[in-house]
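For reference, the structure discussed in these notes is given below.
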């Protein structure tokens, strides 16, 4: 069964620096493929803690270069390729994560089978899984959301971004994951807030939505209670991710 394992749900810098919540990103298993999305600090430790084998990865995918999304990218690439002794898998990242001030180190770029630059409207494949980056998000660095195809329904992932109306049409998916850093909107930070996430869920109407990548204000407000309130108000199943949570795409409760 296809599933998503949350290796971290912390988003704000203070949560990450103090590891009040883990910051390992998401491990996605679709069919026989294993993909690690946004391996932030501690991703390798979180994966092995959850009995996941990083040497079996088919891809490491970065939505953007900020360290809470890429801090363990090189460790996961080394693990995927067994230190370059077994070249395999692919790496996907925006251009600015690979160029002038790269977060993917140059010495290990020959280890994976391929390094692919993400771009708006791009279509990709890893381990037999098709996915795409339909829209560039609005964040401080080059950032993309992703949509993965799975037998149990599509998975949409909206990484860090400010809210804008085009998101709903671009990320229509059966299972929608949204990074929600703020409790209330802030014009100074390009991050999604709870009311905006609810507006987006109402527009997309997924089978289920999962909130993750919490900032301190959301964490203090108890994201599981926020998700329950959203479920009641939208009529859509909304969950708050927890560190280590396993979400099976076929589950109904």
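Throughout, read-outs are computed from the coordinates displayed, never taken from laboratory work. Keep in mind that this is a model prediction, so the values were computed, not measured. Positions of Cβ are generated from backbone atoms using ideal geometry, with glycine treated the same way; all protein chains shown enter the neighbour counts.
Brief remarks on what is shown
- Average Cα contact separation per residue, the stretch 1-146, under 8 Å, 6 or more apart, as relative contact order %: 18
- Residue 95/residue 45 FRET efficiency (R0 25 Å; Cβ-Cβ; nearest 0.05): 0.30
- Spin-label model, residue 130/residue 113: points 7 Å from Cα along the beta carbon direction are separated by 1.8 nm.
- The modelled label-to-label distance between residue 202 and residue 123, using points 7 Å beyond Cα along the C-beta direction, is 3.4 nm.
- Computed [θ] at 222 nm, deg cm²/dmol, the chain (DSSP H ≥ 4; -39,500 (n - 2.57); rounded to nearest 500): -5500 deg cm²/dmol
- Panel order for 77, 14, by other beta carbons found within 10 Å of each beta carbon, from fewest to most: 14, 77.
- Estimated FRET transfer efficiency when R0 is 22 angstrom, pair residue 186-residue 233 (beta carbons, to 0.05): 0.50
- R0 of 22 Å, Cβ-Cβ distance residue 246-residue 55: FRET efficiency to nearest 0.05: 0.60
- To the nearest ten degrees, helix 223-234 and the longest principal axis of the Cα atoms of the chain are 60 degrees apart.
- Exposure proxy shown here: for 45, 103, the number of other Cβ atoms within 10 Å sets the order, fewest to most, as 45, 103.
- Annotation: the antiparallel percentage among DSSP beta bridges lying fully within the chain is about 50.
- Estimated at 0.36 nm per residue, the fully extended path between residue 222 and residue 168 surpasses their Cα-Cα distance by 16.9 nm.
- With the simple spin-label model, which puts each label point 7 Å out from Cα in the Cβ direction, the residue 18 to residue 82 separation comes to 4.2 nm.
- Using alpha-carbon coordinates, inclination of helix 194-204 to the longest axis of the chain, degrees: 80
- Relative intensity, log₁₀ I(q)/I(0), of the stretch 1-106 from a Debye sum that treats every alpha carbon as a point, q = 0.20 Å⁻¹: -0.98
- Peptides 237-243, 185-191 ranked from most to least packed, by the mean per-residue count of other Cβ atoms within 10 Å: 237-243, 185-191.
- For the stretch 97-150, Kirkwood radius (reciprocal of mean inverse C-alpha pair distance, Å): 12.7
- In the set [x] -0.24, -0.40, -1.15; [y] -0.20, -0.34, -1.00; [z] -0.28, -0.45, -1.05, the label that goes with log10 I(q)/I(0) by the Debye sum over Cα atoms at q = 0.07, 0.09, 0.15 Å⁻¹ computed for this structure is [y].
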